[in-house]
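Visitor: Below are the C-alpha cells for one structure; questions will follow.
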Amino acid sequence: MFAMPIAEQTSASTALDLTRVRAQFPSLAQAVHGHPMVFLDGPGGTQVPQRVIDAIADYLARNNANTGGAYQTSRNTDRMIAEARSAMADFLNCDADEIVFGPNMTTLTFAMSRAIGRELGPGDEIVLTLLDHDANFSPWKALEEKGVTIRTVKFSEADCTLDMHDLAAKIGSRTRLVAVGYASNAVGTINNVAEVVRLARQAGALSYIDAVHYAPHGPIDVRALDCDFLVCSTYKFFGPHMGVLYGKREHLKRLHPYKVRPSHDDIPYRWEWGTLNHECIAGIKACVDYWEELGRRARPMVTTRRAAILAAHEAIHEHERKMLEKMIAGLLAIPGLKLYGISDPRRFDNRCPTFAVRIAGHTPLELATKLGERGFFTWDGNYYALNLTEQLDVERLGGFLRIGLAHYNTMQEVERLLAALREIVG
Ligand SMILES: Cc1ncc(COP(=O)(O)O)c(C=O)c1O
C-alpha cells in the first residue's frame, strides 16, 4: 500500500478539509506500478469511505435477514431500511415514502417506463434528448412498440448544450413525458432542468430527470424543481452500487407496477420487487451520514441533516470549481487537444468537472491505457452517451477520453495528470 504524503493531499484553503476527506477513503492510498492511484473515473463510479464499507460488513455480520419477520434481525433490517429511506429523502428533499430503492438507475427506469407505458398508445408522444445517457433514452424508446411517438431534442455541437428552442418546439399537446438528464455524464453540461420541468408541466406532461451524473456535484431539490420523477445512483456519490428513484406520491399511488400479488401494495413498497440488496441499503444510510458529517464540519452552525447536505455540496463545489478551472486551462494548452463541451470560464456554472477530450494522433483507448499505466484512472469510449458520440461523429473513432473529478481529488493530482498527458502526447 502506498501512503500519499500529506503535502499531496491538501489544496488551497476551502471549507473542505481535504486531508480528512481523503483519509476516509482507503482506496485512495493505493499504488499501481509504483505510482499513486489517481481516481479520475468518478463518472463511472466513485470510491467509498470506510464508514460505508463498515456499514455493509456490519449489516452482513449482525443483521442479515429478510424483511417483515417476527424476530430481531428482521426487525432491525426493517428499521435500517426505513432510516436509509429517510436519509435519501433528505438528500433529494422529499418524503421517505417517495423514495424507491432498486438495483440501479437503468433497471428502475425500465420498470417505470413499462408502468407509464401501460397507459400510452398511438397518438401519445415522449420527448427525449440526444445529450442523455442511453439509460434515459432506450427505456422510453422501447415504448415505440406500443405506438408511442418519440421526439428527440438536439444539442449544439459547438458547446454540447441542449437546444432549448428545439426542446420547447418538440413539446406539445400530445406530449405525455419529457425525459432529460440533469447533467451529461460524457461532456459535463448541466441542463436547465427547472425550465424543462416547467415546459413539461405547462403541456400537461410528466417530467423524468436523470440526476445520476449531477448528484455528486450539485444539490438536488425535487420539491423546488417540482419534477414528477428523478433517478440517481448511489455508487456515483460515494455509496454502494444501487439506484434510487424519487416519484411524486400521487404518481407512485396511481400508476400500476408489474408486481407479485403477495408483496405490499402501499407506496413505496409496491415499486420494490423481490428482496432488495439490504447490505447496500445499509451502505446508503452510511453514505448520507458521510455527506452530513462533511457538511457539519464545513458549516458547524447547520441544524438539520438536509442543511448539512447542502453545506457539503457548497464546500464540494468550491473545491471542484478550482480544480475545474485549472484542468480546463491546462487541457486547452495541450497541442492537438479538443475539449468537447463548455470551455468559456463565464459559463463554468453550467458544467460539471467532467471532461471529454480527443487528442490528434491518439485514440482515447491508447490515452486511457497510457494514463492507467501511470496511475491515472480515466475512461474511454461513449459511456453509453451513444447519441452524443454518434452525433459528434466520434463513435467510429473510439469516442472520447473522459477525465472526471470528484471532491476527493486534489489540485496536485490535476497538475500531475496534465503533466502526464503532455508527456504522453510529446
Ligand atoms: C447520466 C447517467 N445516467 C444513467 C446511468 C446509468 O446508471 P446505472 O448504472 O445506475 O443504471 C449512468 C451510468 O453511468 C449515467 O452516468
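Visitor: When the Cα centres of segment 302-379 and segment 163-217 are compared, how far apart do they sit, in Å?
Guide: 23
Visitor: So for the pair S263, K322, with labels modelled 7 Å out along Cα→Cβ, what separation do we get in nm?
Guide: 4.7
Visitor: Roll a 1.4 Å probe over the protein chains and send me the accessible area per residue for the chain in Å².
Guide: 40
Visitor: What does the highest-first list of 127-135, 385-393 look like by mean Cβ count within 10 Å?
Guide: My ranking of the peptides, most packed first, is 127-135, 385-393.
Visitor: Summing Lys, Arg as +1 and Asp, Glu as -1, what charge do residues with Cβ under 9 Å from the Cβ of Y258 carry, Y258 excluded?
Guide: Neighbour charge sum, excluding Y258 itself: +3.
Visitor: Could you work out what % of the accessible surface of segment 222-337 is carbon and sulfur, using a 1.4 angstrom probe and leaving DNA, RNA and ligands out of the count?
Guide: Ligands and nucleic acids excluded, carbon and sulfur give 55 percent.
Visitor: Same structure, new question: Could you tell me which GluC sites (Glu not before Pro) in segment 105-169 are loop residues by DSSP with no more than 13 other beta carbons within 10 angstrom of their beta carbon?
Guide: E119, E157
Visitor: Could you tell me the ratio Rg/Rh of the chain? Both radii from Cα atoms, Rh via Kirkwood.
Guide: Ratio of gyration radius to Kirkwood radius: 0.97.
Visitor: In addition: Quick one: dipole size for segment 185-287, taken about the Cα centre, charges +1 on Lys/Arg Cβ and -1 on Asp/Glu Cβ, in debye to the nearest 20.
Guide: 220
Visitor: Per DSSP helix of 4 or more residues, -39500 (n - 2.57); summed, then divided by the residues of the chain. What does that give at 222 nm, rounded to the nearest 500?
Guide: Per the formula, -12000 deg cm²/dmol.
Visitor: Please list, ordered by chain and number, the residues whose modelled amide H lies under 5 Å from the amide H of A183; skip anything fewer than 5 residues away on the same chain.
Guide: Amide H to amide H, under 5 Å and 5 or more residues apart or across chains, A183 pairs with N191, H213, Y214.
Visitor: So how much slack lies between R201 and T303, counting 0.36 nm per residue of separation and subtracting their Cα-Cα distance, in nm?
Guide: 33.4 nm
Visitor: List every DSSP H helix in the chain whose Cα atoms extend 20 Å or more along the helix's own long axis and whose mean Kyte-Doolittle hydropathy is at least 0.0.
Guide: 411-425
Visitor: Keeping the other protein chains in place, figure out the carbon and sulfur percent of the accessible area of segment 93-185, with a 1.4 Å probe.
Guide: 48
Visitor: Mind listing the long-range amide H neighbours of L206? Cut-off is under 5 Å, sequence gap 5 or more, other chains count too, H placed in the peptide plane at 1.01 Å from N.
Guide: Here L177, V178 satisfy the definition.
Visitor: In debye, nearest 20, what is the charge dipole magnitude of the chain about its Cα centre with +1 on Lys and Arg Cβ and -1 on Asp and Glu Cβ, if you could check?
Guide: I would put it at about 420 debye.
The values are calculated or read from the model by the stated rules, or taken from the named source; none is laboratory data. Please read these numbers as outputs of a predicted model, since none were measured by experiment. Cβ coordinates were reconstructed from backbone atoms using ideal geometry, including for glycine residues, and neighbour counts include every protein chain displayed. Note: areas computed on protein heavy atoms with side chains; ligands, DNA, RNA excluded. Shrake-Rupley method; radii C 1.70, N 1.55, O 1.52, S 1.80 Å.
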